[in-house]
Amino acid sequence: MLAALGLGPAEEEIYRLLVARGRAAVQELAVRSGHPESATRDILTALAGRGLVVPRTAEGAATVFVAAPPAVALGGELRRRRDELSAAEHAVLTLAEQHRSGAEGGAVEVIGDIDAVRHRFRQLQESARYEVRSMMVPEQTVVSRDDNTAEEGRIDRGVLYRTILHRDALTEPGMVTQALAVLGAGQQVRVADAVPVKLMIADHDLAMLPLYSGRNTAAASVLVHAGGLLDALVAYFELAWEHAYPLSPHTAGDGIVEQRPDGTDEFDARMLALVLAGLTDQAVGARLGVSRRTVQRRIGELMARAGAESRIQLGWHAARRGWA
């Protein structure tokens, strides 16, 4: 954990032992850590050189080592590392601006080689600090779903992924399982009847899309930097997002259901149709692959939403609102 501050595993282990005990002799630390006594002494000497431990020798007694307060001993190093990262970030931003100014076309960079496309696709995601917007089409061939390891890493770091998925892509093997995993991680997925182009946008800084119209499986791509064109792509995504239908990880059929704009989803519509046809809650649950209690809970939620006091009233509201 302290490797970021320049401590090796053995140094961190000895320092932690000292922090926990307050003070200790070389022999005791060697026994507790399992390191040879000579190696332990060398580690303590190195830690003392960095101001993390202080050797103390009482008259007629063996030398013991005392841990320096972590906030004091490591605080300075932590601030120095932060300053270095800040300076590096500034340098990267400066280089990015220089690259953008010097690139052909300024705001647009054309990439044709498939390995370069995959590399920039990964870089684009790794550069995202808070959000990645994407539009997915069937037959992802340039960068397959299994090869897109950058997505999982950014999700783990708290980056939000919002994805608009072409409906036909849900029929591809493994897509439903992946959608459930992404939804379970707190990400957002919507489905649309038509997604004209695959697209990925990192924050409000970079976007990537195919170079040629109608050739979503071709490697040739365009990298779009911040500017008016990127603003237009962001606005296009947000408009498409508003018109797409959210997916929910409810357990029904293949595992995901589509929420309808009228406030119900596919599961509710199927459930209401069966209930209104006269099936019992047990039979409805068996048809939909859920428990009787789940059916009763969802019906209760619909009754509350419709303001209905009975299932007969719910049936009237469902017919009036087009829920089933």
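The values are calculated or read from the model by the stated rules, or taken from the named source; none is laboratory data. Predicted, not measured: the structure shown is a model, and the values here were computed from it. Note that each Cβ is placed from the backbone with ideal geometry, even for glycine, and that neighbours are counted across all protein chains shown.
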Count of residues meeting criterion [surrounded by fewer than 18 Cβ atoms within 10 Å (Cβ to Cβ), part of a helix (DSSP H, G or I) and of a type in the set (A, V, I, L, M)] in region 270-301: 4
Which numbered condition HIS317 misses (of (1) part of a helix (DSSP H, G or I); (2) at pLDDT 85 or above; (3) not small (Gly, Ala, Ser)): (2)
Complete set of residues in region 112-131 that are modelled with pLDDT of 85 or more and not in a helix (DSSP H, G or I): ALA128, ARG129, TYR130, GLU131
Condition broken by ASP205, with the remaining ones in (1) modelled with pLDDT of 80 or more; (2) buried (at least 19 other Cβ atoms within 10 Å of the Cβ); (3) within 30 Å of ASP115 (Cα to Cα) satisfied: (2)
Of all residues in region 48-77 being in a helix (DSSP H, G or I) and exposed (fewer than 13 other Cβ atoms within 10 Å of the Cβ), the one that is modelled with the highest pLDDT: GLY49
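I need the full set of residues from region 132-159 which are of a type outside the set (D, E, K, R), assigned to a helix (DSSP H, G or I) and either closer than 14 Å to GLN178 by Cα or at pLDDT 65 or above (or both), in order please.
Filtering region 132-159 down to residues of a type outside the set (D, E, K, R) leaves 132, 134-138, 140-144, 148-150, 153, 155, 158-159.
Narrowing the set further to residues that are assigned to a helix (DSSP H, G or I) leaves 149-150, 153, 155.
Once the filter is applied, which keeps residues that are of a type outside the set (D, E, K, R), assigned to a helix (DSSP H, G or I) and either closer than 14 Å to GLN178 by Cα or at pLDDT 65 or above (or both), region 132-159 yields THR149, ILE155.
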Residue satisfying condition, being closer than 19 Å to ALA128 by Cα and either touching a residue at least 24 places away in the same chain (Cβ under 8 Å) or in contact with a Cys (Cβ under 9 Å, 6 or more places away or on another chain) (or both), within set LEU180, LEU211, LEU223: LEU223
Count of residues meeting criterion [over 14 Å from ALA269 (Cα atoms) and touching a residue at least 12 places away in the same chain (Cβ under 8 Å)] in region 307-316: 1
Residues (modelled with pLDDT under 65 and assigned to a loop (DSSP other than H, G, I, E, B)) located in region 89-111: ALA103, GLU104, GLY105, GLY106
Members of region 108-126 found to be in contact (Cβ under 8 Å) with a residue 60 or more places away in the chain, farther than 12 Å from MET200 by Cα and surrounded by 15 or more Cβ atoms within 10 Å (Cβ to Cβ), listed by number: VAL108, GLU109, ILE111, ILE114, VAL117
Residue among SER86, SER38 that alone is surrounded by fewer than 12 Cβ atoms within 10 Å (Cβ to Cβ), modelled with pLDDT of 80 or more and outside any loop (DSSP other than H, G, I, E, B): SER38
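Counting just the residues of region 160-198 that are part of a strand (DSSP E or B) and out of contact with any Leu (no Cβ under 9 Å at 6 or more places or on another chain), which one comes out farthest from TRP241 (Cα to Cα)?
First, the residues of region 160-198 that are part of a strand (DSSP E or B): 160-166, 188-192.
With the extra rule that they be out of contact with any Leu (no Cβ under 9 Å at 6 or more places or on another chain), the set shrinks to 160-163, 166.
On the way: LEU160: 14, TYR161: 12, ARG162: 9, THR163: 8, HIS166: 12 Å.
Ranking the candidates gives LEU160 first.
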